[in-house]
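In what follows, a structure is listed as structure tokens, so that the remarks can point back to it.
Where a number appears in this text, it was derived from the coordinates with a stated rule and is not lab data. Model, not experiment: these values are computed from the prediction. With ideal geometry, Cβ positions are generated from the backbone for all residues, glycine too; neighbour counts draw on all protein chains shown.
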Amino acid sequence: MRRIPIFAVHSKDTEDNESHRRINGRALYYINLGDNLYLSESQSDEGYIIVDEIVEKDKYVTTLGATIKGTISFILHDQHVSINEFLYGDLIEDYIPTITFEEAKQMAEESGRSDLLRININHYESILSDIILEGECCWFFFFHPDIVIPENAWHQRKSAYTISMEGEISRTYDFSDDPIMFKDYMQAMSAYFKRKGF
């Protein structure tokens with residue numbers, strides 16, 4: 001078992017009181033006031049902070065939704081503890097892949113062809129981009145850049161396919177033109193598949 005990332009840290013602030021900290025970033029799963037967020041992915045129950053304030057778009061909220069940017073505040077009791085790239089959540093069972101990359105690619109190809117047929121596009125030999133990204137427990141596949149998708153098919157124009165390493169397929173938004181958002185999204189999708197056990 002191990003902890004998985006729950007908050008991607010983009011920047012860190014301090015307040016007048018050195019022990020009170022603010023961290024700006026993106027929730028990779030739902031974060032609530034009073035939640036314990038751990039400073040590492042280890043199994044230890046030590047090294048955590050308690051969320052005492054959440055701000056989203058200059059408004060105080062009680063929950064920061066998955067993939068939403070915001071600021072969380074907390075008291076840091078040990079000034080020597082460092083806050084790194086992520087904060088972590090509950091312990092999760094180990095994730096064991098059950099399909100190969102080639103099987104995942106075939107799933108993405110079949111799903112993509114089916115979606116393109118719905119908008120009468122069937123004349124491309126290859127529909128997947130050569131750019132394929134791998135998260136911790138999933139792959140991201142994109143449409144080939146030569147494929148011309150009509151303006152009115154907006155749901156396909158910015159689509160990507162996420163295939164978990166256990167064979168679950170999900171159509172997702174293509175955030176590849178925003179490197180920070182995409183990196184966070186890859187973490188969020190991996191966390192989603194781990195929590196759901198697929």
Tell me, in nm to one decimal, what length is gained between N152 and Y124 on full extension, where the rule is 0.36 nm per residue of separation less the Cα-Cα distance?
8.1 nm
Members of K158/K194; K12/K59; K59/K196 lying beyond 28 Å, as alpha-carbon distances in this model show
K59/K196
With an 8 Å Cα cut-off and a minimum separation of 6 or more residues, compute the relative contact order for the chain in percent.
21
Most exposed to least, judged by fewest other Cβ atoms within 10 Å, L33, L28 sort to L33, L28
Let me see the P(r) profile for the chain: every Cα-Cα distance counted, bins of 10 Å, each bin given as a percent of all pairs.
9, 31, 29, 19, 10, 2, 0
The residues R22, R3, sorted from fewest to most surrounding Cβ atoms within 10 Å, come out as R22, R3
Enumerate the residues in segment 71-108 having an amide nitrogen under 14 Å from the point lying 7 Å beyond the Cα of F198 toward its Cβ.
98-99
Nearest-ten-degree value, helix 179-196 long axis tilted from longest Cα axis of the chain:
90
Evaluate E = 1/(1 + (r/R0)^6) for S19 and D178, where r is the Cβ-Cβ distance and R0 equals 30 Å; express this FRET efficiency to the nearest 0.05.
0.35
Angle between the chain longest axis and helix 101-118 axis [Cα atoms, degrees, rounded to 10]:
60
For segment 2-92, restrict the atom set to alpha-carbon positions and state the Rg and Dmax in Å.
12.0, 36
Once each part is reduced to its C-alpha centroid, what is the distance from segment 25-61 to segment 137-168 in angstrom?
31
What are the aspartates and glutamates whose alpha-carbon lies under 14 Å from the alpha-carbon of K183, with same-chain residues fewer than 8 places away excluded?
E85, E134, E136, D174
How big, in percent, is the set of alpha carbon pairs in segment 103-198 lying more than 16 Å apart?
53
Please arrange F182, F198 by how many other C-beta atoms lie within 10 Å of their C-beta, fewest to most.
F198, F182
